[in-house]
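In what follows, a structure is listed as structure tokens, so that the remarks can point back to it.
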Amino acid sequence: MSSFNQLGLSQAMVANLSQLGFTQPTPIQAQALPPTLSGKDVIAMAQTGSGKTAAFGIGLIEKLNPRHFAVQGLVLCPTRELADQVAKALRELARAQANVKVLTLCGGVAIGPQIGSLSHGAHIVVGTPGRIQDHLRKGTLTLESLRTLVLDEADRMLDMGFQDAVEDIIAQVPARRQTLMFSATWPDSIRTLSERYQSTPVDIRVEAHEEKPDIRETFYEIEPGRQADALAAVVSDLQPTSCIAFCTTKQQCDELAADLESRGFSALALHGDLEQKDRDSVLVRFGNQSCAILVATDVAARGLDIKALPLVVNVEPARDPEVHTHRVGRTGRAGETGNAVTFCTPSQGHKISRLESQRDQRVQWGDAQALLATPDKPVKPSMRTLCISGGRKDKVRPGDVLGALTGEAGLPGKLIGKIDLFDFQCFVAVDRSVAAEALERLENGRIKGRKMRVRYA
Ligand code: AMP
């Protein structure tokens, strides 16, 4: 086990860390600090609680020139809460150095006092993309002395629709800089962002996340026509927050989703016959946790950027073993057990035999009768989606929506979920417990200075 002493930190920093109770670097710190301190770009997969803030914070502070009163470090965060938390952590890490000024610049609060604070100078700015953009536009913030840019919870920033804002900010910082990117998940969009704005980044994933996903697979033989009952039973039993049920035909998707809805489950069908507008709405609601069950065909699910679901159900066995593996691969996050359940009627048994011979291993059958005896117990999705009648073309930005919801003693940012921006409309997920309040705030408030129509999606 390495210690902070061996990482080449200043004595003052090591002493301060020990005062903070940081005796040993966490795995992410042990891996990220050496490249960070030597000025390299880093892309790290790290969750909250991994010690990621200090993983970038220690480097930021060690490389700072406190005598140069200009913004040398910028940390972009998805929410005000995270920005406040990061700023607090940075101030603690900077205690050993005299006069290091850390400033937060977030939306949802008045801009005037921020302009005042900026005029006194700061070494490190922590903020949300929309408000940073506002300051850059006004010229109240300049980043020409920036040396290190940090994107914290980059995946969440993209989820919240901040991609354009982040790219706009990056376009205004010096090309010769260090870029550190931290993300809990690794979708293609993150990879693309890294390729575009980082130069040969050191790729870091902490050990715990490299484990093979653990997938529990169960097969049930059921009579034809019992698929809806069996699916309702599996969901009632496992209570997944999110699940994809794969069907063969469009008609089956529609019927199954309608059947589940009528029994109180939250389910949506996704197949090739949907109009683009409806498809967007379905994907938005499933992706932002407002709908628990997506009943989909293989083709429709192909473009879905959703992995690591707690449950995948094959309502019908897949056409061939490759398709089966692909479907099942959507469950099971590293370190968490995923569930894959497959239904099979007696006449479909040959498909399971093919799977067994391809794997050279028997599958595990469950007790279908016991399963079907499970009483219906629908899962309530955690979020609810509001649809706002304004989008990109109306110059609406995610920060405007976030500000309208959280500003002036509004809702706490942690109750606001994904924000999906389209040309003419915008969807925002809010915690179910505050959905009515959020709807009212948006209806009575203004976005971009205008009243907009708002409804439940
Ligand atoms: P983070 O993942 O950055 O949100 O940090 C999670 C928590 O771990 C924070 O409360 C930190 O103060 C704490 N922490 C970070 N690094 C260390 C360390 N090396 N030793 C002990 N605690 C730490």
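The values are calculated or read from the model by the stated rules, or taken from the named source; none is laboratory data. These numbers come from a predicted model, not from an experiment. All Cβ positions, glycine included, derive from the backbone under ideal geometry; neighbour counts span all protein chains shown. Keep in mind that these areas ignore ligands, DNA and RNA; they rest on the heavy atoms of the full protein, side chains included. Shrake-Rupley method; radii C 1.70, N 1.55, O 1.52, S 1.80 Å.
Key figures for this structure:
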quantity: Distance in nm between pseudo-label sites at residue 279 and residue 69 (7 Å out along the Cβ direction from Cα); calculated: 5.6 nm
quantity: Percent carbon-and-sulfur accessible area, the chain, ignoring ligands, DNA and RNA, probe 1.4 Å; calculated: 48 percent
quantity: Label-point gap, in nm, between residue 423 and residue 451 - each point 7 angstrom along Cα→Cβ; calculated: 2.8 nm
quantity: GluC sites (Glu not before Pro) restricted to segment 286-381 and DSSP loop, no more than 16 other C-beta within 10 Å; calculated: 336
quantity: Charge context of residue 171, other residues only, Cβ under 15 angstrom, K/R +1, D/E -1; calculated: 0
quantity: Relative contact order (%) - criterion: Cα under 8 Å, at least six apart; region: segment 383-456; calculated: 44 percent
quantity: Rounded to whole Hz, the Karplus (6.51, -1.76, 1.60) HN-Hα couplings of segment 142-153, x for glycine and proline; calculated: 10, 10, 5, 9, 5, 10, 10, 10, 10, 9, 9, 6
quantity: Relative contact order (%) - criterion: Cα under 8 Å, at least six apart; region: segment 214-372; calculated: 37 percent
quantity: Chain lengthening between residue 216 and residue 374 when straightened (0.36 nm per residue, less Cα-Cα); calculated: 54.9 nm
quantity: Value of [θ]222 nm, deg cm²/dmol, for the chain, DSSP H segments ≥ 4, -39500 (n - 2.57) each, nearest 500; calculated: -11000 deg cm²/dmol
quantity: Pairs beyond 29 Å (Cα-Cα), from 101/451; 250/393; 277/418; 63/418; calculated: 101/451; 250/393; 63/418
quantity: Table column - 3J(HN,Hα) (Hz), segment 57-62, Karplus curve with 6.51, -1.76, 1.60, x for Gly and Pro; calculated: x, 4, x, 4, 6, 4
quantity: C-alpha long axis of helix 188-197 to longest principal axis of the chain, angle in °; calculated: 30 degrees
quantity: Approximate spin-label separation residue 325-residue 389, in nm, with each point projected 7 Å along Cα-to-Cβ; calculated: 5.1 nm
quantity: Length-normalised contact order for segment 41-116 - Cα pairs under 8 Å, 6+ apart - percent; calculated: 30 percent
quantity: In segment 89-177, trypsin sites (Lys or Arg not before Pro) in a DSSP loop with at most 13 other beta-carbon atoms within 10 Å; calculated: 176
quantity: Set of segment 47-68 residues, backbone N closer than 19 Å to the point 7 Å along the Cα-Cβ line of residue 145; calculated: 59-68
quantity: 0 to 90° range, to nearest 10: angle between helix 80-93 axis and the chain longest Cα axis; calculated: 50 degrees
quantity: Calculated FRET efficiency for the pair residue 255/residue 345, C-beta based, R₀ 22 Å, to 0.05; calculated: 0.85
quantity: Residues of segment 383-456: accessible area per residue with a 1.4 Å probe, Å²; calculated: 49 Å²
quantity: Cβ crowding within 10 Å averaged over residues, with 438-447, 360-369 ranked highest first; calculated: 438-447, 360-369
quantity: Proximal charge balance of residue 388 [Cβ under 9 Å; K/R count +1, D/E count -1]; calculated: +2
quantity: Percent of beta bridges antiparallel (DSSP, the chain, rounded to nearest 5); calculated: 20 percent
quantity: Degrees, to the nearest 10: 129-138 long Cα axis against longest axis of the chain; calculated: 40 degrees
